[in-house]
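See structure below.
The values are calculated or read from the model by the stated rules, or taken from the named source; none is laboratory data. Everything numeric here is computed off the predicted structure, so don't read it as measured data. Note: ideal-geometry Cβ built from the backbone for every residue, glycine included; neighbour counts use all protein chains shown. With ligands, DNA and RNA removed, areas are computed over all heavy atoms of the protein, side chains included. Shrake-Rupley method; radii C 1.70, N 1.55, O 1.52, S 1.80 Å.
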Amino acid sequence: MSHKIVSKRQLGEEVFWARIEAPLIARARKPGQFIILSINNDYSERIPLTIAGADAAEGMIELIWQKVGKTTAELADLREGQSIANISGPLGTPTHIDNFGTCVCVGGGIGAAPLLPIATALKAAGNTVLTILGFRSKDRLILETEFAAISDELIVTSDDGSYGRKALVTEPLKELCERDPKPAQAFVIGPTVMMKFCCEATRQYAVPTQVSLNTIMVDGTGMCGGCRVEIDGKPKFVCVDGPEFDGHLVNFDLMMKRMNAYKKQEQAARAAYEKHRCKIGLDE
Amino acid sequence: MQLTRSTGAKSGWTNDRSDRCAQGGFSAHALLPFDARWTRGLRTHPTGSRTVRDEERQQQLQELLAKQAAGELKPKDRFAIAPQAMPEQDPSVRRCNVSEVALGYTKMQARLEAMRCLQCKTAPCVQGCPVQIRIRDFVTAIAQGNYPEALDIIKENSLLPAVCGRVCPQEVQCQAKCTVGLKFKDVEKAVSIGRLERFVADLDHGEGAVPSVAPATGKKVAIIGSGPGGIVAAADTRRAGHDVTVFEAFHKPGGVMVYGIPEFRLPKAIVEEEIETLRKMGVEIVTNFIVGRTRTVDQLMTEDGFDAVYIGVGAGLPSFMGIEGESLVGVYSANEYLTRANLMKAYEFGKGADTPIAASKRVAVVGGGNVAMDAARTAVRLGAEKVYLIYRRTEKEMPARVEEVHHAQQEGIEFHLLQSPKRVIGDENEHVKAVECLRYELGEPDDSGRRRPVAIEGSEFEIELDTVIIAIGNQANPLMRQTTPGLEFNKWGNIVVDENCKTSMEGVYAGGDIVLGAATVILAMGQGRIAAAGINTYLAGK
């Protein structure tokens, strides 16, 4: 069955949100899980996207994505009422939710989207939730209201100072770690480099840190191994062993290189798509 | 045999590499319908030469048949018939397209090849077949020109003859037992049973009747996985009148036959036909459905009303060697490489397909099985200039089908035998630049009966590369284990079943790679059939 987009809007610069029909996934999904979609049947690529929210009763899932390659750009051009041919999921091991006490949730850029269901579940489990959201600039800010509603404390930063505090997320993160008592657990989701530095920060304070990795994938069920990362020196598959791992054991440098394996092809494909798109007049 | 073809490319992924080809401008897609047409049943060959030869063959056949009718045909006459070579695309041409390599016998070739069969009373070939096809009888029917009967005989035991005729390792199964091969002390001179099976299966193209289905029983069967085992289990349970649903994790059904085995060895159109037959029988096929995640086995049985389940989810996790540098950019599992190239059509990246694959120049494939051959030959077709196959034993121990090994060699793949990578070396961007290998020698036989390779100390050397593909097998996928508490697994993570393929859970059966570890299409099919019989018996008594 194909999956109808029932509503869609742009949240910020290059960032989009959509509510999509996927009743089975909406029923089964738990915080931390993701889906793999392909827009059409024969030639489309399969891309993983984290589930930002779901409504089991209405059979809807919510996705938030940023335009990076061709598929995310094409997805952004789909309109309400149009459909996505394939969505499979929910994939990955769900987040371990418990009453840890005080949790710090750090979301960088589009990483705020997968963080929201986790932070919401943590709050519901009785945790004190301290949230840090970081963005490049004000025009990329997303989900501030949603996080404000479930956080005991919310700190928003921007790289250029155009909104909130002018800082990288590591700065307030260190401050929260210095509090007494220090947070019991940190959850960090965002660009790989941000997760790397957040983990270096929390390591100094011995605050256990979960990260959610968004590597390249093909099947998402453990069959291809394209998503493998080094955890404590050993290869692990993000799709079945993860996507969440102990951030202090992840080899982020290698992961960053692997993430860039198809950068050139990705950019060329998007450029070709944008050029074609102008010709067929989708730009109205 | 050199084939000359006049088909021009309509849209060519090979155009930019046409300088490498004897005849440039082949296109995967431009050729497909054409190939499918004449390899799957068209009587005349596009080149005249084959027709001329067929006239000679016809004469030879008539003489043999006349002798047979007069009761004068002796085994020595049969031994005197030359083994019929499989017509193939020329290696220099096929390096640049993804169309099927082996083109199939003509009728005359098939009948002559079938005349080579001695029709042994004991039919040792049948014992060599994992599903006990009545081989002698179908070969006899082909010799007589009675093709529909030949196909009916095969279909008594095998539902997928067009597939098995192409991918079964006949040289270690039926053909290994063939008296003709034994007489010549050369298994390659055995009667080509697989090629004959393929021949009759291909004649069936488009005319195959949909198997009849018994009156509805009101019982529901879930088949998890749409590979060879799943297809057979679905067909057999549906024939018994049950309401059957096949669940497939990918967006396309067919399992390893669509993501793994390449087009040039098994055309996707054949698999699609088998799936279509299931649909015509009334089997529902649900894609993008991951049992264990979308719904669990428990949910299927307790909430969704399924009375029985067949688990045929395949192998899953690709094995890696555990050596330094295996996570570098440019190191692939064969599963990933083949999935990108086959299922996702990455060979047409930028020309329609959105899935990229490394633009490799120098590739090493590690392993000696069919998957290793498939990966190496795919790399050639994707434009690699140099493809090495690194295997730590000798050609004799290779688990790959002999035909695939020959084809790989013909296509210019360089075999590095008695060698194995010690580490993968990366450049400053963590991209593969070389592998360091060790040389090996063969020692005493190990558990598998093959002589154990022993590393020669201090024999390290480097091969410069940009891509490494690891094809050393798979481990069991943990998903079923993680999500199906009542199911018993062995220490390797494979599902434990009895002789009827029944698992530790009531109404749940399993087969194929998830039970056997690494198996073949025919073994998976055999288990699908056993499990279906078990399910049908179980449901009849419920």
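Annotation for B:A269 and A:D77: the two label points, set 7 Å from Cα along the Cα-Cβ direction, are 3.2 nm apart.
Label separation (B:V496 vs B:K361): 5.4 nm, computed from points 7 Å beyond Cα along the C-beta direction.
Extension gain for the segment B:I456 to B:F79, taken as residue separation times 0.36 nm less the Cα-Cα distance, is 131.2 nm to one decimal. Sequence-distant contacts, meaning Cα pairs under 8 Å at least 6 residues apart, place the relative contact order of chain A at 17 percent.
The amide H of B:G426, built 1.01 Å from its N in the peptide plane, has B:K433 as neighbours under 5 Å, considering only residues 5 or more places off or on other chains. Extents of the protein assembly as shown, largest first, come to 102, 64, 62 Å (Cα atoms, principal axes, whole angstrom).
For chain B, the membrane-span-like helices by this rule, meaning whole DSSP H stretches whose C-alpha atoms cover at least 24 Å of axis and whose Kyte-Doolittle mean is 0.5 or above, are B:521-540; this says nothing about an actual membrane.
For A:W65, the accessible area of its heavy atoms, probed at 1.4 Å with every protein chain present, is near 10 square angstrom. In chain B, the DSSP-assigned H stretches of four residues or longer account for a calculated mean residue ellipticity at 222 nm of -10000 deg cm²/dmol, using -39500 (n - 2.57) per stretch and the full residue count as denominator. In percent, rounded to a whole number, the relative contact order of the range A:3-91 is 40, using alpha-carbon pairs under 8 Å and six or more apart.
Residues of the range B:230-278 whose accessible area, computed with a 1.4 Å probe over protein heavy atoms, drops by at least 50 Å² once all protein chains are present relative to their chain alone are B:F250, B:H251. The candidates B:H431, A:H248, B:H242, arranged from most to least accessible area with a 1.4 Å probe in the full protein assembly, appear as B:H431, A:H248, B:H242. In the protein assembly as shown, taking the dipole from charged Cβ atoms about the Cα centre, the farthest positive-side position among B:T179, A:I97, A:I189 is held by B:T179. Shielding of peptide A:241-254 by partners, expressed as the average count of other chain Cβ atoms within 10 Å per residue Cβ, is 1.
Computed about the Cα centre, the dipole magnitude for the range A:1-94 is approximately 200 debye when only Lys and Arg (+1) and Asp and Glu (-1) carry charge, each at its Cβ. Among B:V329, A:F16, B:P148, whose Cα lies farthest out toward the positive end of the dipole of the protein assembly as shown, if unit charges sit on the beta carbon of Lys, Arg (+1) and Asp, Glu (-1)? Checked the options; the winner is B:P148.
Long hydrophobic helices in chain A: the complete DSSP H runs spanning 15 Å or more by Cα along their own axis with mean Kyte-Doolittle hydropathy of at least -1.0 are A:112-124, A:192-204.
Relative to one another, the C-alpha centroids of the range A:150-196 and the range B:447-469 are positioned 49 Å apart. Could you sort out which of A:K264/B:K268; A:K4/B:K345; B:K386/B:K433 sit more than 23 Å apart by Cα distance in this structure? Correct reply: A:K264/B:K268; A:K4/B:K345. Contact order for the range B:176-299, expressed relative to its length and based on alpha carbon pairs under 8 Å spaced 6+ residues apart, stands at 22 percent. Roughly to the nearest percent, how much of the accessible area of the range B:331-470 is carbon and sulfur, given a 1.4 Å probe? Heavy-atom surface of the range B:331-470 belonging to carbon and sulfur, 1.4 Å probe: 44 percent. For B:Y509, nonlocal amide neighbours, meaning residues 5 or more places apart or on other chains whose placed amide H falls under 5 Å from its own, are B:V309, B:Y310, B:I311, B:T503. Evaluate E = 1/(1 + (r/R0)^6) for B:S504 and B:E303, where r is the Cβ-Cβ distance and R0 equals 30 Å; express this FRET efficiency to the nearest 0.05. According to the calculation, E is roughly 0.90. Taken about its Cα centre, the protein assembly as shown carries a charge dipole of roughly 1840 debye when the Cβ of each Lys and Arg holds +1 and the Cβ of each Asp and Glu holds -1. How much of the accessible area of the range A:205-253, in percent, comes from carbon and sulfur atoms when a 1.4 Å probe is used? Carbon and sulfur: 49 percent of the exposed surface of the range A:205-253.
Taking every DSSP beta bridge that has both ends in the range B:213-286, the antiparallel portion is near 0%.
Rounded to the nearest 0.05, what FRET efficiency do B:E488 and A:K30 give with R0 = 25 Å and r taken as the Cβ-Cβ distance? Could you check? Calculated transfer efficiency: 0.45. Gain on full extension, evaluated as 0.36 nm per residue between A:D55 and A:R203 minus their Cα-Cα distance, stands at 49.6 nm. Normalised by residue number, the volume inside the convex hull of the Cα atoms of chain B is 161 Å³ per residue.
Accessible surface computed residue by residue for the range B:128-181, with neighbouring protein chains in place and a 1.4 Å probe, gives 32 Å² per residue. The label point for B:R279 and the one for A:A149, both projected 7 Å from the Cα toward the Cβ, are 4.2 nm apart. Applying 0.36 nm per residue to the separation of B:A176 and B:N146 and subtracting their alpha-carbon distance, the gain on full extension is 8.3 nm.
Ordered from longest to shortest, the equivalent ellipsoid semi-axes for chain A are 30, 20, 20 Å, each the square root of 5 times a Cα gyration tensor eigenvalue.
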